[in-house]
Amino acid sequence: MREALFANWRHVFKLDPERMIDDEALEAVCLSGTDAVIVGGSSGVTFDNTVDLLSRIRRYEVSCALEVSTEEGVPGFDHYFIPIVLNSGRTEWITGKQAAAIARYGSFIPWEDTFAEGYLILNPEAEAARLTEAHTSLSAEEAIGYVRLADRLMRLPIVYIEYSGFFGDMELVGQARSLLTGGRLFYGGGIDSAEKARLAAAAADTVVVGNVVYTDLDSALETVRAVKEVF
């Protein structure tokens with residue numbers, strides 16, 4: 001199966017096309033030993049800024065995936081991840097926007113390189129939570145219900161627990177990971193130190209590091225080794 005191409009990802013950096021990163025910092029990220037770079041953001045993502053960032057990343061050999069958040073696709077990525085916000089209060093973020101984009105571009109989508117992500121957004125202050133009107137006040141049992149829905153009923157290759165902005169509940173993340181039968185558990189949110197990276201790596205299959213790249217590059221780079229030391 002093609003998802004085996006990302007089955008060994010332990011650490012990835014996530015870069016936002018709307019946020020500025022200079023060439024020196026981008027080089028450090030791409031040569032850090034991370035398994036991949038995911039390009040994506042909740043707002044301000046355009047064709048032009050996405051193409052620009054992709055062209056700069058392509059100077060390096062690191063794998064690169066686009067997390068699609070608009071109907072405008074950008075060719076040239078190794079993978080395309082399509083978010084399905086499982087706990088959204090608006091159906092357009094579950095199937096609506098995805099169906100509209102497929103209706104428009106279905107003949108051009110590289111299906112063998114395209115995978116669905118079952119997103120569970122758990123930080124009410126996150127831009128993604130506000131945008132999708134996500135129901136973030138979930139009990140552990142309710143959150144696990146969404147995880148099982150994504151993995152066992154929808155059979156999604158990626159289940160992504162997102163706390164964007166603060167460090168989440170690693171006990172819940174670890175429990176979710178232990179229950180997956182086919183999907184891979186991605187975790188993102190609040191990883192701004194090697195210590196937190198190790199904790200996340202012990203709980204999740206894949207650790208996603210984002211905001212700290214723009215605020216403390218040295219700490220961001222330290223997370224790569226920290227994650228890979230766990231296993």
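All of the numbers you see were taken from the coordinates with simple rules; none came from a lab. These numbers come from a predicted model, not from an experiment. Glycine also receives a Cβ, built like all others from the backbone with ideal geometry; neighbour counts cover every protein chain displayed.
Summary table
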item: Length-normalised contact order of segment 145-231 in % [C-alpha pairs under 8 Å, at least 6 apart]; result: 27
item: Estimated FRET transfer efficiency when R0 is 25 angstrom, pair Ile109-Val51 (beta carbons, to 0.05); result: 0.90
item: Set of aspartates and glutamates near Lys196 by C-alpha distance (under 12 Å), chain-local residues within fewer than 8 positions excluded; result: Asp169, Glu222
item: Inter-label distance for Arg148 and Thr181, nm, one decimal - labels placed 7 Å from Cα along Cα-to-Cβ; result: 1.1
item: Cα gyration tensor, segment 1-77 - rounded (a/c under 1.5), prolate or oblate; result: oblate
item: Local electrostatic count, Phe167, Cβ distance below 11 Å [Lys/Arg +1, Asp/Glu -1]; result: -2
item: Antiparallel %, DSSP beta bridges [both residues in the chain], to 5; result: 5
item: Calculated FRET value between Phe231 and Leu31, using beta carbons and R₀ = 25 Å, to 0.05; result: 0.70
item: Förster radius 45 Å - calculated FRET efficiency between Met20 and Glu195, Cβ distance, rounded to 0.05; result: 0.95
item: Most to least packed among 58-69, 187-198 [average Cβ atoms within 10 Å]; result: 187-198, 58-69
item: Dipole magnitude of the chain, debye to nearest 20 (Cβ charges: Lys/Arg +1, Asp/Glu -1, about Cα centre); result: 720
item: Highest-first arrangement of 18-31, 148-161, where packing means the average Cβ count within 10 Å; result: 148-161, 18-31
item: Cα-based shape type of the chain, given that a ≥ b ≥ c are square roots of the gyration tensor eigenvalues and the cut on a/c is 1.5; result: rounded
item: Phi to ³J(HN,Hα) by Karplus 6.51 cos²θ - 1.76 cosθ + 1.60 over segment 175-186, Hz, x for Gly, Pro; result: 5, 4, 4, 5, 8, 5, 10, x, x, 10, 8, 8
item: Linear extension gain, Thr215 paired with Glu72, 0.36 nm per residue minus alpha-carbon span; result: 48.6 nm
item: Model label zone, Ala202; criterion: amide N under 20 Å from point 7 Å along Cα-to-beta-carbon; scope segment 214-231; result: 222-231
item: Zero-based 5 Å bins, Cα pair distances in segment 46-130, whole percents; result: 3, 13, 22, 23, 19, 14, 6, 1
item: Value of relative contact order over the chain, rounded to a whole percent, pairs C-alpha under 8 Å and six or more apart; result: 18
